[in-house]
Amino acid sequence: MVNVILVSHSEKLATGLKELLAEMAPDTPILLAAGLVDGSIGTDASRIEETLNALDDDGVILTDIGSATMNAELALELYSGDKTVQFVEAPLVEGAFLAAVLSGQSKSLTEVVDGLKNEFA
């Protein structure tokens, strides 16, 4: 099942979104790389890379704003794991809902990414 990785400046925002997604797609794995280690607002490429290293299947990354995207792209460059991970530019909340539902329907990573691109291109 495709993992949905939420990269947000706010850990609270990502945690709340994960709770909502659990209602729509309870079996979809949702991983968070949100906020900074001390709980403050921000993103960190090394935290994102750690999340990627914890994947048990392929994954799709969605981000909130600005530097979250930059750090996600950097983390992807640093990632050396054996899972396929793709970043998709889509609204965080709406994109996460679509990705989680498609993953919950056992769609492949390609199908999840294509669904996101078709909806938000």
Exercise. Among the lysines, which have Cα under 23 Å from the Cα of Lys117 when same-chain residues fewer than 8 positions away are ignored?
Worked result: Lys18, Lys83, Lys107
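Can you tell me the relative contact order of the chain? Whole percent, Cα pairs under 8 Å, sequence separation 6 or more. Before the final figure, lay out each step's value.
On the way: 232 pairs, mean separation 38.3, N = 121.
This gives 32 percent for the chain.
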Exercise. At what distance in angstrom do the alpha carbon centres of region 43-121 and region 1-28 lie from each other?
Worked result: 11 Å
Problem set entry | Accessible carbon and sulfur surface of region 40-121 relative to its total accessible area, %, 1.4 Å | 47 percent
Problem set entry | Leu20 paired with Ser67, simple spin-label distance in nm, labels 7 Å along Cα-to-beta-carbon | 2.5 nm
Problem set entry | Per residue accessible area in Å² of the chain, where ligands, DNA and RNA are left out and the probe is 1.4 Å | 51 Å²
Seminar exercise, completed: Helix 67-78 sits off the longest principal axis of the Cα atoms of the chain, rounded to the nearest 10 on a 0 to 90 degree scale, by 80 degrees
Exercise. Going by alpha carbons, how many degrees (0 to 90, nearest 10) lie between the helix axis of 11-24 and the longest principal axis of the chain?
Worked result: 10 degrees
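Specify, per residue and in Å³, the volume enclosed by the convex hull of the alpha carbon atoms belonging to the chain.
Per-residue hull volume (Cα only) is 85 Å³.
Summing Lys, Arg as +1 and Asp, Glu as -1, what charge do residues with Cβ under 13 Å from the Cβ of Ser106 carry, Ser106 excluded?
On the way: positive: Lys107; negative: Asp27, Asp57, Asp58, Glu111.
Value of the local net charge: -3.
The values are calculated or read from the model by the stated rules, or taken from the named source; none is laboratory data. Predicted, not measured: the structure shown is a model, and the values here were computed from it. Note that each Cβ is placed from the backbone with ideal geometry, even for glycine, and that neighbours are counted across all protein chains shown. Accessible surface areas use protein heavy atoms only, side chains included; no ligands, DNA or RNA. Shrake-Rupley method; radii C 1.70, N 1.55, O 1.52, S 1.80 Å.
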